[in-house]
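A quick write-up on the structure given underneath.
The values are calculated or read from the model by the stated rules, or taken from the named source; none is laboratory data. Please read these numbers as outputs of a predicted model, since none were measured by experiment. Note that each Cβ is placed from the backbone with ideal geometry, even for glycine, and that neighbours are counted across all protein chains shown. Just so you know, the surface numbers come from the protein's heavy atoms only, side chains and all, with ligands and any DNA or RNA stripped out. Shrake-Rupley method; radii C 1.70, N 1.55, O 1.52, S 1.80 Å.
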Amino acid sequence: MENTVRSEKSRQLIIQAALAVIDRDGANRLTIDAIAREAGISKGGVLHHFRTKQAVLIALLDNQRTEYARFARDYLEHDGRDSGEPSLATQIAILREATKQPQSVALAILGAIGEQPSLLDGLRDAEALNVAAIRQESADPDLAILRWSAARGLLWTSLFNMCPLSEAEREQYFALLLDEDHWNKLAGKTTRTGKTSPRTR
């Protein structure tokens with residue numbers, strides 16, 4: 001048991017070192033040697049856990065999934081608890097959180113997917129489940145998917161440095177996408193205050 005814990009700590013140390021290298025120097029400077037130097041361990045110690053740079057990038061992708069799953073659980077327990085569309089709210093919140101990660105890390109993970117497209121299979125399946133949950137809980141599935149898609153657009157244009165909005169404006173639009181009362185009024189549904197508004201034409 002102690003060896004398992006020690007091994008997992010070493011693995012996490014290597015992952016964090018890889019993130020630091022990518023964030024500081026860029027994905028093209030990520031090597032096993034660079035990771036070993038950053039982590040303060042031997043190259044053999046890195047290779048014991050990850051045989052290739054690609055294996056490190058795949059671990060980073062898995063690490064991101066784990067982090068966002070934890071974020072989703074925390075969000076649902078607190079901010080999303082009173083939401084009428086918890087799946088949608090959680091996904092928008094995750095996309096907003098993802099804009100805060102270093103751009104270089106996101107691009108490195110995309111690079112790993114580019115080198116190994118099969119990694120997309122699991123991501124696609126997870127997204128299909130998210131879309132199904134969003135549609136099932138919403139009285140207006142089309143509007144819900146448009147909100148989700150808009151949040152994805154804010155994330156991806158930010159990651160590729162193509163977003164013309166300031167960080168404050170981007171945050172404002174994420175907040176708007178999360179504002180259920182606003183969208184309920186547009187859809188002509190009863191809001192939390194009990195009032196109903198006609199759909200905007």
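Applying the selection to the stretch 75-96, what residues are surrounded by fewer than 19 Cβ atoms within 10 Å (Cβ to Cβ) and hydroxyl-bearing (Ser, Thr, Tyr)? If the condition is that a residue be surrounded by fewer than 19 Cβ atoms within 10 Å (Cβ to Cβ) and hydroxyl-bearing (Ser, Thr, Tyr), then Ser83 is the only one that fits. Screening Ala150, Ala93 for residues that are among the hydrophobic types (A, V, I, L, M, F, W, C) and over 14 Å from the mean Cα position of the chain (by Cα) leaves exactly one candidate, Ala150. Note on the stretch 23-40: residues that are on the phi > 0 side of the Ramachandran plot and either touching a residue at least 40 places away in the same chain (Cβ under 8 Å) or surrounded by 19 or more Cβ atoms within 10 Å (Cβ to Cβ) (or both) total 1. Restricted to the stretch 111-126, and to residues there that are at pLDDT 70 or above and acidic (Asp, Glu), the residue that is least open to solvent (accessible area, probe 1.4 Å) is Asp121. Checked against the criteria, Ile14 does not count as part of a loop (DSSP other than H, G, I, E, B) and among the hydrophobic types (A, V, I, L, M, F, W, C).
If the condition is being part of a helix (DSSP H, G or I), modelled with pLDDT under 90 and surrounded by fewer than 17 Cβ atoms within 10 Å (Cβ to Cβ), then the stretch 42-67 contributes Gln54, Ala55, Asp62, Gln64, Arg65, Thr66, Glu67. Val5 meets all of the listed conditions (1) hydrophobic (A, V, I, L, M, F, W, C); (2) more than 30 Å from Trp148 (Cβ to Cβ); (3) in contact with an Asp or Glu (Cβ under 7 Å, 6 or more places away or on another chain) but one, namely (3). If you check Ala150, Ala108, Ala72, Ala132 for being over 24 Å from Val56 (Cβ atoms), open to solvent by less than 60 Å² (accessible area, probe 1.4 Å), in contact (Cβ under 8 Å) with a residue 24 or more places away in the chain and assigned to a helix (DSSP H, G or I), only one passes: Ala150.
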